[in-house]
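Everything below concerns the one structure shown next.
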Amino acid sequence: GNSVTQMEGPVTLSEEAFLTINCTYTATGYPSLFWYVQYPGEGLQLLLKATKADDKGSNKGFEATYRKETTSFHLEKGSVQVSDSAVYFCALEDFNKFYFGSGTKLNVKP
Amino acid sequence: NAGVTQTPKFRILKIGQSMTLQCTQDMNHNYMYWYRQDPGMGLKLIYYSVGAGITDKGEVPNGYNVSRSTTEDFPLRLELAAPSQTSVYFCASTHRDTNSGNTIYFGEGSWLTVV
């Protein structure tokens, strides 16, 4: 079946530090992969996506590369800001059904 | 552009009561979903719909019902509320983008407490 596993949090970083949040998946088909971000009290918002192997999604300084050989879609950012503090969800879409990881909370301290 | 709109935002129910969470989208999306998010957890799919008149169960459908009489609306009904249904509920919708894959859009969430 389809599933998404992401690293547990919380992750606490100082401002301008490098961020990696690991995400791996299992899928029966050829899924699209996503990162969503959830700010306190809000719904999930799309951060970036990739639809096929070796694609790189990017947005607001965040990047993730679709690695089929390692079934991974790790989220990275070179220099985090306090405003990046949120919960990040990795997700896959297969035939219009979406599967989400459990979320990783990021705390960025000034 | 309203996107996905859910009501109510907050609700407290007593055990055994019933209620309906309303969801509407104005993006003409065929696919709609209801998820629940328990504290510190990811999202679990309750029900989904691929179009008006068509619904199907997700991972955790017990205790819930849905209907999809129009493309825009996808209400979620709790018939006999139980404490285990205390959660945050998200409605979502998506369309098929053949060039760049689906993107799912979420409402702001409905916080439900059953006491």
Task: strands (runs of 3 or more DSSP E) contained entirely in region A:2-110, each with at least 2 residues that are among the basic types (K, R) and either at pLDDT 95 or above or closer than 22 Å to B:P39 by Cα (or both) - done: A:104-109
Open item on the list: What's the number of the only condition in (1) within 14 Å of chain A (Cβ to nearest Cβ); (2) farther than 22 Å from A:G41 by Cβ; (3) modelled with pLDDT under 95; (4) in contact with a Ser or Thr (Cβ under 7 Å, 6 or more places away or on another chain) that B:R96 fails to meet?
Closed with: (4)
TODO: Check whether at least one residue in region B:71-82 is crowded, with 19+ Cβ neighbours inside 10 Å, more than 11 Å from the chain's Cα centre (by Cα) and either free of Cβ contacts under 8 Å to residues at least 12 places away in the same chain or within 14 Å of chain A (Cβ to nearest Cβ) (or both), and report yes or no.
DONE: no
TODO: Tell me which residues, restricted to region B:43-55, are small (G, A, S), free of Cβ contacts under 8 Å to residues at least 24 places away in the same chain and assigned to a strand (DSSP E or B).
DONE: B:G51
Task: Single match in A:V80, A:V108 (criterion: more than 14 Å from every other protein chain (Cβ to nearest Cβ), touching a helix residue (DSSP H, G or I) at 6+ places or on another chain (Cβ under 7 Å) and touching a residue at least 40 places away in the same chain (Cβ under 8 Å)) - done: A:V108
Open item on the list: Filter region A:1-30 down to the residues that are within 22 Å of B:T103 (Cβ to Cβ) and either within 9 Å of chain B (Cβ to nearest Cβ) or among the acidic types (D, E) (or both) and list them by number.
Closed with: A:V4, A:Q6
TODO: Looking only at region B:56-64, decide whether some residue is within 13 Å of chain A (Cβ to nearest Cβ), in contact with a Gly (Cβ under 9 Å, 6 or more places away or on another chain) and either part of a loop (DSSP other than H, G, I, E, B) or basic (K, R) (or both).
DONE: no
Open item on the list: I need every pair where a residue in region B:24-42 that is within 8 Å of chain A (Cβ to nearest Cβ) has its Cβ under 6 Å from the Cβ of a residue that is outside any strand (DSSP E or B) and polar (S, T, N, Q), sequence separation at least 6 or different chains.
Closed with: B:Y31/A:N96; B:M41/A:S102; B:G42/A:S102
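The values are calculated or read from the model by the stated rules, or taken from the named source; none is laboratory data. Remember, it's a predicted structure, so these values are computed and weren't measured experimentally. Cβ sites come from the backbone with ideal geometry, for glycine too, and all protein chains shown count toward neighbours.
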